[in-house]
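The block underneath contains the structure these notes are about, expressed in structure tokens.
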Amino acid sequence: MTRDFSLAGLLRVREIQERAAAQRLSRAVIDARHTEARDRRLRTALAGEGTEAVDVRSLAALAAARGAGRSLLADLSSLDAIQQEELAQARSEHADARCAMRGLDRLADAHAVRERTEELRSEQAELDEIASRARAEGER
């Protein structure tokens, strides 16, 4: 008769925690990539703006657009820095969760090997007993 792995419940909890950490990491990567893409699009748009001002109003509008663009770039840079910190934190949490799960997973594997070995040993003992009985009856 095999015994159940006594830490099976904890292993399931660790697996759930690892999957949740992997989802957070995935979300952080996606968010960081979106911010990088927005930054590239904004820089491309700002670089492609016409710089010819035909009068004072268009010069003022051009200056305002550039100022707004710089402000938006600064905001995106701040957002990128925050997201990079979140990404690093998510990677760390995921690595920790994987490490905790792997340790328990190794224990579960070792338990399964021990249980299977014990089953085989018990089965072999039964077979040996049957064989010795048959020999004993054959000698009579």
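Annotations
- Residue-level analysis places E86 outside the set of residues that are loosely packed, with under 10 Cβ neighbours inside 10 Å and in a helix (DSSP H, G or I).
- The listed residue being loosely packed, with under 11 Cβ neighbours inside 10 Å and either over 41 Å from the mean Cα position of the chain (by Cα) or outside any helix (DSSP H, G or I) (or both), out of S78, S58, S132: S132
- Qualifying residue in region 79-91 (condition: over 30 Å from L25 (Cα atoms) and either of a type in the set (D, E, K, R) or modelled with pLDDT of 90 or more (or both)): no
- Among the residues making up region 97-121, those that are surrounded by fewer than 11 Cβ atoms within 10 Å (Cβ to Cβ) and more than 14 Å from E15 (Cα to Cα) are V113, T117, L120, R121.
The values are calculated or read from the model by the stated rules, or taken from the named source; none is laboratory data. All of these numbers come straight from a predicted model, not from anything done at the bench. Heads up, the Cβs are rebuilt from the backbone with ideal geometry, glycines too, and the neighbour counts pull from every protein chain shown.
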